[in-house]
Amino acid sequence: MSKREDEGCVRNRRTDAGLKSEDCVNSDSAVIAAFKVFQRELDTKHDKYERLVKISRDVTIESKRTIFLLHRVTSVPDFENILNDADVKLDGVRQKIGQIAEELRGDDLHQFHRAFTPGIQEYVEAVSFHHFIKHRRLISLEEINARLVFMKEDQTTKGGGEDVCPGPCVLTFQVTPTDYLLGVADLTGELMRMCISSVGNGDMDTPFELSGFLREIHDGFSYIGNTGPYEVSKKLHTLRQSLGKVEDACYTLRVRGSEIPKHMLADVFTSRAAHLETDDGIA
């Protein structure tokens, strides 16, 4: 018998053995019934995870659009209309987060946390950026969570017909401290861009205000150091880069501001920032 024929016989014997083992399985067995229940539970969990990932993507996209809109405040004399438009966009983002709260009703938030944490961090960045432009201070975690309360009017039923919410009920979503810190760390990059844009538009006071604000955030993160979550310590390097660029811009304004025409300051800062990034990459 050739080698190929021998392999074919072995394959046939394995197939026959598999069919015989399947025939011997008792479909009424308690073990088989238990594993079918496990299968349905895992399928339900995976479906919910994918739905949360999709909602998180929508939250991320709308939050980024809000941030891009808010950057226009440095180029217009009256930015109240921009803040109002940003309020409308953030309300839409909060409705998306309400969908996340509805999906998580009755489940452990941390079990699905990785599915929606990117969107929540982006929302924290957007809402904190909006709050700083409007009030010139950092929004607190309690203030963010206070806005994530949703009223559900209609009834929602599970697959078996059981009422989850028999009538109007209140849904809440709690941003975790880690997501809040990561969103605030990303905020520093937007503040750095706001600093460069404001100088390009002739505003010489905003960079010094942003420099002091960023130092306070940096001091707060320094207190956490390596004792906090791993993701937070990773963001500390980016935060220091943003602070260094803003301080460099303030130094240039204070020392060489009278030597450089105002319309060229933004180009000078941009080139110096690129030079600093190159030096950081070499280091």
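Could you work out how much longer the chain between D87 and K48 gets when fully extended? Use 0.36 nm per residue separation minus the Cα distance between them, nm to one decimal.
Values: separation 39, 0.36 × 39 = 14.04 nm, distance 2.92 nm.
Going from the current span to full extension adds 11.1 nm.
With θ set to phi - 60°, apply the Karplus curve 6.51 cos²θ - 1.76 cosθ + 1.60 along region 101-106 and write out the HN-Hα couplings as whole Hz, x wherever there is a Gly or Pro.
4, 5, 5, 8, 4, x
Could you give each residue of region 46-58 its phi-based ³J(HN,Hα) in whole Hz, using Karplus coefficients 6.51, -1.76, 1.60 with θ = phi - 60°, and x for Gly or Pro?
5, 4, 5, 4, 5, 5, 5, 4, 5, 5, 4, 4, 5
Roughly how many nanometres apart are two label points built 7 Å out from the Cα toward the Cβ at H135 and R114?
So the label points at H135 and R114 sit 3.5 nm apart.
Output wanted: per-residue J couplings in Hz (rounded whole) for region 66-81, from phi through Karplus 6.51 cos²θ - 1.76 cosθ + 1.60, θ = phi - 60°, x for Gly and Pro.
5, 5, 4, 5, 5, 5, 6, 5, 7, 10, 10, x, 10, 9, 5, 4
How many percent of all Cα-Cα pairs in region 65-213 sit more than 21 Å apart? Write out the running numbers ahead of the final one.
Numbers: 5544 of 11026 pairs.
It works out to 50 percent of all Cα pairs.
At 0.36 nm per residue, and after removing the present C-alpha to C-alpha distance, how many nm does the segment from S27 to H237 gain when stretched out fully? Mind showing how you got there, number by number?
Values: separation 210, 0.36 × 210 = 75.60 nm, distance 5.79 nm.
69.8 nm is the gain from fully extending S27 to H237.
Rounded to the nearest percent, how much of the accessible area of region 166-219 (1.4 Å probe, protein heavy atoms only) is carbon and sulfur? The partial results should precede the final answer.
Values: 1080 of 2070 Å².
The computed percentage sits at 52.
For region 17-137, what is the Kirkwood estimate of the hydrodynamic radius, computed as the reciprocal of the mean inverse distance between distinct Cα atoms, to one decimal in Å? Provide the component values of the computation, followed by the final result.
Working: mean 1/r = 0.0572 Å⁻¹.
Across region 17-137, the inverse of the average 1/r is 17.5 Å.
Calculated FRET efficiency, R193 and V149, Cβ-Cβ r, R0 22 Å, to nearest 0.05? Intermediate results must be reported in sequence, preceding the final value.
Details: r = 32 Å, r/R0 = 1.44.
Calculated transfer efficiency: 0.10.
With a sphere of radius 15 Å drawn around the Cβ of H46, what net charge do the other residues whose Cβ falls strictly inside it have (Lys, Arg +1; Asp, Glu -1)? Don't skip to the answer; put the middle values down first.
Working: positive: R40, K45, K48, R51, K54, R114; negative: E41, D43, D47, E50, E103, D107.
After counting each charged neighbour, the total is 0.
Please compute the volume of the convex hull spanned by the alpha-carbon atoms of region 164-247 and report it per residue in Å³.
Dividing the Cα hull volume of region 164-247 by its residue count gives 137 Å³.
Excluding L210 itself, what net charge comes from residues whose Cβ is under 12 Å from its Cβ, given Lys and Arg +1 and Asp and Glu -1? The partial results should precede the final answer.
Details: positive: R136, R193, R215, K245; negative: E190, D203, D205, E209, E216, E247.
Its environment carries a net charge of -2.
The values are calculated or read from the model by the stated rules, or taken from the named source; none is laboratory data. All of these numbers come straight from a predicted model, not from anything done at the bench. Cβ sites come from the backbone with ideal geometry, for glycine too, and all protein chains shown count toward neighbours. The accessibility values were calculated without ligands, DNA or RNA, using every heavy atom of the protein model including side chains. Shrake-Rupley method; radii C 1.70, N 1.55, O 1.52, S 1.80 Å.
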